[in-house]
Each structure stands twice: as C-alpha cells, then as structure tokens.
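The numbers here are math on the coordinates, done by the rules we state, and not lab data. Here the structure is a predicted model, which means the values were calculated and not measured. Don't worry about glycine lacking a Cβ; one is built from the backbone with ideal geometry, like all the others, and counts go over all protein chains shown.
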Amino acid sequence: MGIISYVKEEIAVIRERDPAIRSSMEVFLYPSFKAILRYRVAHKLFLRGHYFLARWISQRGVRKTGIEIHPGARIGKGLFIDHGSGVIIGETTIIGDNVTLYQGVTLGGTGKEKGKRHPTLEDNVMVSAGAKILGSFTIGHNSKIGAGSVVLKEVPPNCTVVGVPGRIVKKGGVSVPRSDMNQVDLPDPISNEISRLDKEIKKLKKQLKKVESEEK
C-alpha cells in the first residue's frame, strides 16, 4: 500500500471511531496516526533484518507519542489507538483487522515464555483503558476487554471480559451466570466471599424466623 492510500485509510478509520474529530486535517495531529505510521516503516525494516534502525525509529515514536509498538509485532488493517498514552505492544503480538485499543493498554508477556510470548487479538477486538493482556494466547474476534481488566487466559470469540483476574461476563451477547464465571481457571476471592456471605445471611434469616415463630 502506498503512503497516500495508507493516509486515506487512516483518516477513514479515525473519523469513523472518534466522534471528537472535526476535520480530516486533525488526523495528522493524532498520536495514533503518528505511532502507526512509524510502526509501518519500522516493521518493514525489521523484516529485512535492519533491527537497530527499526528499533531506533520505534523508540523515537515512543518519545513523541507515548505509544510503544515493537517493530516485530504483526498488525492488520484499521488499528485505532484512542489517545494512546502508555500503550505497549510487544514483539510477538499479532493484531487482526479493525482492532481498537484505549490508553494504558498493555499487550505483553509474562517474562517466562520463549518464542511467541505475547497475545494474539483477532478481528474487531476492543480493549478498554488500562487493560492488561499478558501471555501467548488468543482473544477471539468481536470480543471486548473491560477497563482495568487483567487477562491471563484465552478468550473465545464474541465475549466480554471484566475484572482482575479477567472473567467472562457475556458470551455471544448473553450474560453469563455468576456460577459459571470462572472461565479462566483462576480463583476469584471477592466473588467467593460475597457468595459465602449471601448463604450465611439466608441461613441466619431462616433461624431468626424459626425463633420468632417459637416465641409466638
């Protein structure tokens, strides 16, 4: 894709997803536009083995935009990074088409893997502000990650994930019952404690009614 075609595509993407934009010229001021343009150049250099030059371009982009995209990452069409400050995209990250990331998002590794260390985001995924997706697994297409969530396990397509650790609360647009929310095989002490207290309260109410009936 030539530079003119790329610019036109980015203008269309940003105007579609950001209601604050008033004119196409504003696109040239967007950190997202600058960061992704630098990434495209750095990525081509990275693929040709010019690793130092690719990282040099990448790091200059970080200083100017606050968005860190490793030149080795693979990014499809239509990525939109809203605001973008603090966004980090690791080396082996794979991002599909029409993905949206908000400020403070981390697509990182756990520090323990070798080879593919970072997540794969399929098409049409949205990751809200401050969310962290850590490890080599896939976030299925059309899924949404809630603000501040920490996702450590694979997410099927068409799901909504919230919390720390991340839990699936919707699947295919249908709410998931709390009893079935442990989709990532990780403990949720807050949910467990609330459930225990709820059972305890119900038990105490039954005992209280029994005492009141006996007194009558």
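Below is a table of values for the structure above.
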{"item": "Å³ per residue enclosed by the Cα convex hull of the range 3-185", "result": "112 Å³"}
{"item": "Cα-based radius of gyration of the range 68-116 once divided by 2.2 N^0.38 Å, which approximates compact folds", "result": "1.13"}
{"item": "Per-residue Cβ neighbour rank within 10 angstrom, fewest leading, Ser136, Ser32", "result": "Ser136, Ser32"}
{"item": "Gain in span if fully extended, Lys44 to Leu204, counting 0.36 nm per residue against the direct Cα distance", "result": "50.9 nm"}
{"item": "Degrees between helix 3-17 axis and first principal axis of the chain (Cα, 0 to 90, nearest 10)", "result": "20 degrees"}
{"item": "Helix axis angle, 51-65 relative to the chain longest principal axis, alpha carbon, degrees", "result": "60 degrees"}
{"item": "Residues Glu193 and Glu214, FRET efficiency given R0 of 41 Å [Cβ-Cβ distance, rounded to 0.05]", "result": "0.80"}
{"item": "Percent RCO, i.e. relative contact order, over the range 35-74, from Cα pairs under 8 Å lying at least 6 residues apart", "result": "47 percent"}
{"item": "Inter-label distance for Ile4 and Gln59, nm, one decimal - labels placed 7 Å from Cα along Cα-to-Cβ", "result": "3.6 nm"}
{"item": "Contact order normalised by residue count of the range 3-185, Cα under 8 Å, 6+ apart, percent", "result": "11 percent"}
{"item": "Computed lengthening from Leu29 to Val164, 0.36 nm per intervening residue step minus Cα-Cα distance", "result": "45.2 nm"}
{"item": "Kirkwood Rh and Cα Rg combined as Rg/Rh, the range 41-89", "result": "0.97"}
{"item": "Note, ³J(HN,Hα) from phi for the range 66-71, Karplus 6.51, -1.76, 1.60, rounded to Hz, x at Gly and Pro", "result": "x, 10, 10, 10, 5, x"}
{"item": "Residues His50, His118, His70, sorted so that the one with the fewest Cβ neighbours within 10 Å comes first", "result": "His50, His70, His118"}
